[in-house]
1. Please work out the ratio of the alpha-carbon Rg of the range 35-154 to 2.2 N^0.38 Å and round it to two decimals.
2. Listed highest first by mean packing, meaning other Cβ atoms within 10 Å per residue, what order do 82-91, 190-199, 62-71, 129-138 come in?
3. Could you work out how much longer the chain between Ala123 and Arg51 gets when fully extended? Use 0.36 nm per residue separation minus the Cα distance between them, nm to one decimal.
4. If packing is taken as the average count of other Cβ atoms within 10 Å, what order do 200-207, 5-12 fall into, highest mean first?
Amino acid sequence: IDAARRDADVVCCPSVDTMSDCVDAGFDEDRLRVVPWGAEPHEVTEEDRERVLGRYRLRPGYILWVGTVEPRKNLPTLLDAYRAAGDLGRDLVLVGPVGWKTQIDGHIEGVSQHVRHLGFVPAPDLPALYAEASMFCFPSLREGFGLPALEAMALGTPVVVSAGGAIEEVVGSAGITIDPTDVDAWAEAISTLSADDERRSELADAGRERAAAYTWERSAAAMADVYHEVCG
C-alpha cells in the first residue's frame, strides 16, 4: 500500500466502495479510477445440471454459498440463520476451500446432515452449481466487489446479500439486502424466499438484467482507457 501510494500514477478499484477505502487509506482521489469487474453469462445445459448434481450428490433447489471460509465472509451468520429457519426441505451447500474451520464448527448443530461443504470445485462446475440453486446467500462483512453474487445473478439465481458496501453497490435493487449481522432477518428472508416461487422468479429476471451491465468486455475497455490515460 505504501508503494502504491508513493509510486502509482493511477490506482484501479473494482467498486466505488473500494475507491472510498483507498481515499481513507491516504490515496489521492484524483489518481483513483473505478474499473468494475464482470461475469460471464454461461449457457448451462440439462446435461451440465445432471452431471454436477450427480457428481456432488446434490438435491436440486439447495441454498448456495461460495467463498473461502474466513472471518470476513461471515459464514456463521448464514449457518445460524439456516438453523433458525427450520426445516425448509432444502440443503445448504457451501462451495470453497476451508481457511478457518472454526467458522463452521459450533454453528451446524442440529442441521449438520443438511449442510454440504464441497470444498474447492473446478471452475467448469460452478455455473451449473449456481444455476441449480434456489437462491444464493452471501452475508459477507467486507468485499471489494462481490463477484460470486454477480456470477449467481448472471445465471438467474436469486441473491440475498449484505446491505451496504460493495456488494449492495453491485447487486442494487436486483436482490434482497440485509444487515449482515442480523441472524433473525436472514432466517426470515431465507424462509420466505424459499416458499415463494414467484418472488424467486422476479429476482432471477432482475438479476440477469442487472448482471448484463457488468461484462468483462466493458471491464477490459475501461482498463484500456486507464492505460491510454497513463501512457498519454
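FYI, it's all coordinate maths here, none of it is from the lab. Just so we're clear, the structure is a prediction, and the values are computed from it rather than from any experiment. For neighbour counting, all protein chains shown are included, and Cβ atoms are generated from backbone atoms with ideal geometry for every residue, glycine included.
1. On the way: Rg = 14.1 Å, N = 120, 2.2 N^0.38 = 13.6 Å.
Expressed relative to 2.2 N^0.38 Å, the Cα Rg reads 1.04.
2. On the way: 82-91: 16.6, 190-199: 14.9, 62-71: 19.6, 129-138: 23.9.
Highest to lowest by the protection proxy: 129-138, 62-71, 82-91, 190-199.
3. Numbers: separation 72, 0.36 × 72 = 25.92 nm, distance 1.40 nm.
24.5 nm is the gain from fully extending Ala123 to Arg51.
4. Working: 200-207: 17.8, 5-12: 12.0.
Packing order, densest peptide first, comes out as 200-207, 5-12.
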